[in-house]
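**Q** Please see the structure below; I have some questions.
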Amino acid sequence: MRKRFFYIVNFITFYRMLAAPVLLYLIFTHQPGIFKWLLAISFFTDAIDGYLARKYQVVSSLGSTIDSIADDLTVLAAIVGIYIFKPDFLKQEIVLGSLLVILYLVQNAYAWLKYGKMTSFHTYTAKIAAVLQGIFLILFHFFNDPIVLLFYIAAIATLIDLVEEIALIFILPVWKTDVKGLYWVIKNKVYRQLK
């Protein structure tokens, strides 16, 4: 039974990976109507696969890694959609957008240098940032005008998440998955030193 749930959860995650090229195809063939619905489904499946993995105790390093890749591909497709369908918004938010891209690249480069793979920390901050990103990106593609306040809230949460992940890479000597956050890592380190 547990093995079946393992396959179901990983299938949901693989769906997002397979949906990303389809999303890009829809963007470049100028089909925003189908694109926005498929994007919404991809973000919805992102919300449920982690929950199901924890509920049915089928969490794995492979699943966490695939989930992180699928998340990044979904967000990338959503951003490419903004660039193609509504480029004025990106021009307007170029400074903050560039800062987020630079931090994302630094975080991933640092992880690859230290661990030989991307992080899959899935911290609480990352989960909050992902939910806010998903809500903003879905609404962005469904409404004519972007909700700018929501963009800033999602961007600030993402900025905090990226800085936290860079700090975690610095602190954690070996690759780990499903880390609660920087506070808990530091607390555990201090506790071990006091013992």
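**Q** Can you find a residue in segment 91-98 that is in a helix (DSSP H, G or I), of a type in the set (A, V, I, L, M) and closer than 18 Å to L76 by Cβ?
**A** yes
**Q** Further, regarding this structure: List the pairs whose first member sits in segment 74-88 and is outside the structural domain of F136 (by TED's automatic domain parsing), whose second member is of a type in the set (S, T, Y), and whose Cβ atoms are under 7 Å apart, counting only residues at least 6 apart or on separate chains?
**A** Final answer for the pair search is T74/S42.
**Q** Picking from A109, A126, which residue would you name as being over 15 Å from the mean Cα position of the chain (by Cα) and within 23 Å of V80 (Cβ to Cβ)?
**A** So the residue among A109, A126 that is over 15 Å from the mean Cα position of the chain (by Cα) and within 23 Å of V80 (Cβ to Cβ) is A109.
**Q** Hey, another quick one. How many residues are within 20 Å of D71 (Cβ to Cβ), assigned to a helix (DSSP H, G or I) and out of contact with any Lys or Arg (no Cβ under 7 Å at 6 or more places or on another chain) if we restrict to segment 112-129?
**A** Total satisfying the criteria: 7.
**Q** How many of the residues making up segment 19-40 are surrounded by fewer than 14 Cβ atoms within 10 Å (Cβ to Cβ) and not aromatic (F, W, Y)?
**A** 6
**Q** Same structure again: Test L38 against the stated conditions and say whether it is over 13 Å from the mean Cα position of the chain (by Cα), under 19 Å from A157 (Cα atoms) and in a helix (DSSP H, G or I).
**A** Working: over 13 Å from the mean Cα position of the chain (by Cα): yes; under 19 Å from A157 (Cα atoms): no; in a helix (DSSP H, G or I): yes.
Judged against the criteria, L38 is not a match.
**Q** Tell me which residues, restricted to segment 143-187, are more than 30 Å from Y83 (Cα to Cα) and assigned to a loop (DSSP other than H, G, I, E, B).
**A** Within segment 143-187, L172, P173, V174, W175, K176, D178, V179, K180, G181 qualify.
**Q** Could we say that V163 is modelled with pLDDT under 95 and either of a type outside the set (K, R) or assigned by TED's automatic domain parsing to the domain that holds L96 (or both) here? I'd like the intermediate steps shown before the answer.
**A** Working: modelled with pLDDT under 95: no; either of a type outside the set (K, R) or assigned by TED's automatic domain parsing to the domain that holds L96 (or both): yes.
No, not satisfied.
The values are calculated or read from the model by the stated rules, or taken from the named source; none is laboratory data. In this text, all values refer to a predicted model and were calculated from it rather than measured experimentally. For neighbour counting, all protein chains shown are included, and Cβ atoms are generated from backbone atoms with ideal geometry for every residue, glycine included.
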